């Protein structure tokens, strides 16, 4: 079965430039009351190894409430944590991408689709607000 990227990711295109888009995501995360863990500059990291990549930043975020709820059901869910929102440049366009947390309930049946939909709603809101 081939997986469609729409099943596991939410992608929007923005008119902002790359750096503005990253700042917008950080602000949207803050406004939603989520915590920022780490921002990885993949282009920079790979450039240090001699590889050339277009701009890509991985922004790790967390909601204490949801993280706690899911970890209490199965600590292996930590493999899917923290949530990530990526800002990337592709074909001259800047995109903001998030993994859909509803994927978690496919791997961990003890987490209901309902619970993951609440997290997904937040992620989609953060991405839309960053647009």
* Structure fact -> Quick count over region 12-25, residues being within 15 Å of the chain's Cα centre (by Cα) and surrounded by 15 or more Cβ atoms within 10 Å (Cβ to Cβ), is 5
* **Pairs with Cβ under 7 Å, 6+ apart, first in region 53-79 and loosely packed, with under 12 Cβ neighbours inside 10 Å, second assigned to a strand (DSSP E or B) and modelled with pLDDT of 95 or more** => 64/35
* To do: Would you be able to tell me the number of residues in region 88-114 that are touching a helix residue (DSSP H, G or I) at 6+ places or on another chain (Cβ under 7 Å) and surrounded by fewer than 16 Cβ atoms within 10 Å (Cβ to Cβ)?
  => 2
* Which residues, taken from region 93-113, are outside any loop (DSSP other than H, G, I, E, B) and either modelled with pLDDT under 95 or within 21 Å of residue 36 (Cβ to Cβ) (or both)? -> 94, 95, 96, 97, 98, 99, 103, 104, 105, 106, 107, 113
* Taking only region 52-70 into account, find how many residues are farther than 24 Å from residue 23 by Cβ and touching a helix residue (DSSP H, G or I) at 6+ places or on another chain (Cβ under 6 Å). => 2
* Looking only at region 32-50, decide whether some residue is closer than 17 Å to residue 8 by Cβ, surrounded by 13 or more Cβ atoms within 10 Å (Cβ to Cβ) and free of Cβ contacts under 8 Å to residues at least 60 places away in the same chain. => no
* What about residue 85, is it loosely packed, with under 15 Cβ neighbours inside 10 Å and under 14 Å from the mean Cα position of the chain (by Cα)? -> no
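The values are calculated or read from the model by the stated rules, or taken from the named source; none is laboratory data. Quick caveat: nothing in here was measured; it's all calculated off a predicted structure. Note that each Cβ is placed from the backbone with ideal geometry, even for glycine, and that neighbours are counted across all protein chains shown.
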